[in-house]
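The values are calculated or read from the model by the stated rules, or taken from the named source; none is laboratory data. Source: prediction; values computed, not measured. Positions of Cβ are backbone-derived with ideal geometry, glycine not excepted, and every protein chain shown enters the neighbour counts. All accessible areas refer to the heavy atoms of the entire protein, side chains included, with ligands and DNA or RNA removed. Shrake-Rupley method; radii C 1.70, N 1.55, O 1.52, S 1.80 Å.
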Amino acid sequence: MAAAAAAKIAEVRETTRVERIGAHSHIRGLGLNDSLEARHVSQGMVGQMSARRATGLVLQMVRDGRIAGRAVLLAGQPGTGKTAIATALAASLGYDTPFTSMAGSEIYSLEMSKTEALTQAIRKSIGVRIKEESEIIEGEVVEVQVERPATGVGSKVGKLILKTTDMETVYDLGGKMIDSILKEKVQSGDVITIDKATGKISRLGRSFARARDYDATGHQTRFVQCPEGELQKRKEVVHTVTLHEIDVINSRTHGFLALFSGDTGEIKPEVREQINGKVAEWREEGKAEIIPGVLFIDEVHMLDIECFSFLNRALENEMAPIVIMATNRGITRIRGTNYKSPHGIPLDLLDRMIIVPTKPYEEKELREILSIRCEEEDCQMTDNALTVLTRIAKETSLRYGMQLIMTSYLIAKRRKAPEVDVDDIKRAYTLFFDDGRSVQFLREYQQEFLFNADDDAQMEVEDVDN
Amino acid sequence: MQNWLNQLKDAKKSAIADDYLKKVHYEFKDGRELVEEYNLQTNVVTRRAWRTKDKIGNENEWDIELGDPEPRFGDESQMVIKENASQPIISRRNTKTNLEWRIRNLPYPIETYSITCDEEKKCLTVKTTNKKYFKNLKVPELDRLGIPPNQEAISFCHKYNTLIITYKKPSELKELDKATLELAKEVPTKPQVFDQNNCKPS
């Protein structure tokens, strides 16, 4: 019985897409209450109360959408949750508010200039909500058929029968459509609309004719009339595109020349100007709405002086998004110059920013984070093991501590233990070095490594001899 | 009628032709494109297709107003949703005196159908008593003239799984056809020569 149940669970897992676990996949939001105060542990976030509250205010600013071109700097030591806060902010934004995340070094490319890369990133962070007529199919589901090929390989075959009070039609479904139908759990009796171009499904409710199918229905079940007339209609649909997407569409060369030009690359400033004009026109006519989003630049000290001065100017544009930057540097050289500056950012740009500091975690907070990560990575750990791990994370770094979760879990699995114990952590700790021990090791055994500093001295001596 | 003719006159025109067929391409000021195909032996429009741009600047696919739909050789894996091959399809074909619709894959007997004209929506409505098929047919030729459709002009028959709807052209439309044909004939034409021996693969 238990075995059968387990087999069933495995089967279910197979059908839903397996998601991989990233460094910040446990974060679901900023964990703030309604008055924007940070809850101590919430939505995967722990501690960093003042930084989270500050980010909450930034979030409010983005949501209001009235302020353009503000810059926020998240500054703090490595492993204090800067990227986590940015990820949390992205998760708390609405589904159609654009959030672009990039690393500072991404702008260095041979294909386009640095400023072009930055401009594209900025324009990716501005959304335009447009009303447009589009073909939709609206009807009551009569039947859904999804068949897998008998051999197990090849694509699935799907059919959908929809009806209105006046007609009935059989549709063939593509692979993506089958997936979303299964995911939405569409069944006969539902009244749905499908966007014919994008395949987006939205469920309007259940048909009145099926109201007596079940004795018990959830209180949120909505009953609607079966639609009338034709299944396919043209309806006004609202959708969001970014300015960059509009740029790309309009800078495409037409005709056979399109074969010779790449899809990306640089976009002419005239095209951008023309589009800005058009968008402004739509906005005045009430046809479009601008949604300023967020641009997040991680490792911002990797930008050089030219980028910083470009950003200075770009932030003044009224179409600019809110730019959030993160850095873990102290007073250091600005890239491309010999000047030193706090965070490696020129003072004039720093002056335009509001700076949110992140502080190192307390031991209690480290423990919370590690236990959240254990849950995320599906590891059971004893309390003692968690205490040891917290100590290790405190002594070395939080990242190293998180690395030990999976490794010690695998060690525990080898001895068929359901839970990770102190010994497993110890074993993982001896197997894998943290940076501190690695440095120490190098100091002790430097002589035996290739190209160590003493080699140079030796070679010089040999040269003199010859 | 003048309105439509003026639009055609103002449009950027180009044409190609061989012995039997003349294709005329119109580019209107608002960015729409129209292609008409004339059969030079009967002087009847055999095809008419439109292409429009959406708001963002994307080009839509050709929308076939008249003639058989374009065969599609698209990548099947990109398909999102489409009607099953067994479902009714509509194709249009006009003659000198009539507008015609053919709805194929409709197996029901002739008493099932009723075709009425909806003056408010300016379209013909096809209904079936068994509630299996329903369609509002637009009549773009009459729309351009600004005449509502007339119930008297409609007749229909059912043969070989196909419902054929015939609408008798009013005299105004016949005149317009004549005028547009003349306009089309005036468009400077490049000859379309098909040389069997000159097949360049690229």
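Would you check which residues across the stretch A:287-322 are touching a residue at least 60 places away in the same chain (Cβ under 8 Å), open to solvent by 50 Å² or more (accessible area, probe 1.4 Å) and away from chain B (no Cβ under 14 Å) and list them?
Residues of the stretch A:287-322 touching a residue at least 60 places away in the same chain (Cβ under 8 Å): A:287-304, A:306-307, A:310-311, A:314-322.
Remaining after also requiring open to solvent by 50 Å² or more (accessible area, probe 1.4 Å): A:287, A:289, A:299, A:302, A:306, A:310, A:316-318.
The answer is A:299, A:302, A:306, A:310, A:316, A:317, A:318.
With respect to residue B:183, determine if the residue is open to solvent by less than 50 Å² (accessible area, probe 1.4 Å), at pLDDT below 90 and out of contact with any Pro (no Cβ under 7 Å at 6 or more places or on another chain).
Yes: the conditions hold for residue B:183.
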Pair list, Cβ under 8 Å, 6 or more apart: the stretch B:42-54 residue within 14 Å of chain A (Cβ to nearest Cβ), other residue among the small types (Gly, Ala, Ser): B:52/B:31; B:53/B:31
The stretch A:158-194 - residue that is of a type in the set (Asp, Glu) and facing chain B (nearest Cβ under 9 Å) and, of those, most open to solvent (accessible area, probe 1.4 Å): A:168
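Somewhere in the stretch A:323-338, is a residue without any contact (Cβ under 8 Å) to a residue 60 or more places away in the chain, in a strand (DSSP E or B) and charged (D, E, K, R)?
yes
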So for the stretch A:203-213 (the condition being surrounded by 15 or more Cβ atoms within 10 Å (Cβ to Cβ) and within 14 Å of chain B (Cβ to nearest Cβ)), does at least one residue qualify? no
Quick check on residue A:122: is it farther than 30 Å from residue B:126 by Cα, facing chain B (nearest Cβ under 9 Å), surrounded by 15 or more Cβ atoms within 10 Å (Cβ to Cβ) and touching a residue at least 24 places away in the same chain (Cβ under 8 Å)? no
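Could you grab me the full set of residues in the stretch A:117-160 that are over 30 Å from residue A:266 (Cα atoms), in contact with a strand residue (DSSP E or B) (Cβ under 7 Å, 6 or more places away or on another chain) and of a type in the set (A, V, I, L, M)? Can you show your working first?
First, the residues of the stretch A:117-160 that are over 30 Å from residue A:266 (Cα atoms): A:133-160.
Among the residues that remain, those that are also in contact with a strand residue (DSSP E or B) (Cβ under 7 Å, 6 or more places away or on another chain) are: A:133-147, A:156-160.
If the condition is that a residue be over 30 Å from residue A:266 (Cα atoms), in contact with a strand residue (DSSP E or B) (Cβ under 7 Å, 6 or more places away or on another chain) and of a type in the set (A, V, I, L, M), then A:136, A:137, A:141, A:142, A:144, A:146, A:157, A:160 are the ones that fit.
Return the residues of the stretch B:57-66 that are away from chain A (no Cβ under 14 Å) and either modelled with pLDDT under 85 or open to solvent by 50 Å² or more (accessible area, probe 1.4 Å) (or both); say none if nothing qualifies.
Here is the first cut: in the stretch B:57-66, the ones away from chain A (no Cβ under 14 Å) are B:62, B:64-66.
Selection gives B:62 alone.
Being modelled with pLDDT of 90 or more and assigned to a helix (DSSP H, G or I) is true for just one of A:85, A:136. Which residue is that? Don't jump to the end; show me each part of the working.
Values: A:136 fails: assigned to a helix (DSSP H, G or I).
The unique qualifying residue is A:85.
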If you go through the stretch B:71-84 one residue at a time, do you hit one that is part of a loop (DSSP other than H, G, I, E, B), touching a strand residue (DSSP E or B) at 6+ places or on another chain (Cβ under 6 Å), within 14 Å of another protein chain (Cβ to nearest Cβ) and farther than 19 Å from residue A:234 by Cβ? yes
The stretch A:136-157 - residue that is in contact with a helix residue (DSSP H, G or I) (Cβ under 8 Å, 6 or more places away or on another chain) and over 30 Å from residue A:224 (Cα atoms) and, of those, nearest to the other protein chains (Cβ to nearest Cβ): A:155
Is it the case that residue B:69 is open to solvent by less than 80 Å² (accessible area, probe 1.4 Å) and touching a residue at least 40 places away in the same chain (Cβ under 8 Å)? no
Out of the stretch B:17-40, which residues are open to solvent by 50 Å² or more (accessible area, probe 1.4 Å), touching a strand residue (DSSP E or B) at 6+ places or on another chain (Cβ under 6 Å) and of a type in the set (Asp, Glu)? B:27
Reported set for the stretch B:86-109 where residues are open to solvent by 30 Å² or more (accessible area, probe 1.4 Å) and either more than 17 Å from residue A:167 (Cα to Cα) or part of a loop (DSSP other than H, G, I, E, B) (or both) is B:86, B:88, B:93, B:95, B:96, B:97, B:98, B:102, B:105, B:107, B:108, B:109
Can you tell me how many residues within the stretch A:302-316 are within 26 Å of the chain's Cα centre (by Cα) and part of a loop (DSSP other than H, G, I, E, B)? 2
Residue that is modelled with the lowest pLDDT [pool: residues in the stretch A:12-31 that are open to solvent by 30 Å² or more (accessible area, probe 1.4 Å) and among the aliphatic types (A, V, I, L, M)]: A:12
Does the stretch A:74-81 contain at least one residue that is open to solvent by 40 Å² or more (accessible area, probe 1.4 Å), out of contact with any strand residue (DSSP E or B) (no Cβ under 8 Å at 6 or more places or on another chain) and assigned to a loop (DSSP other than H, G, I, E, B)? yes
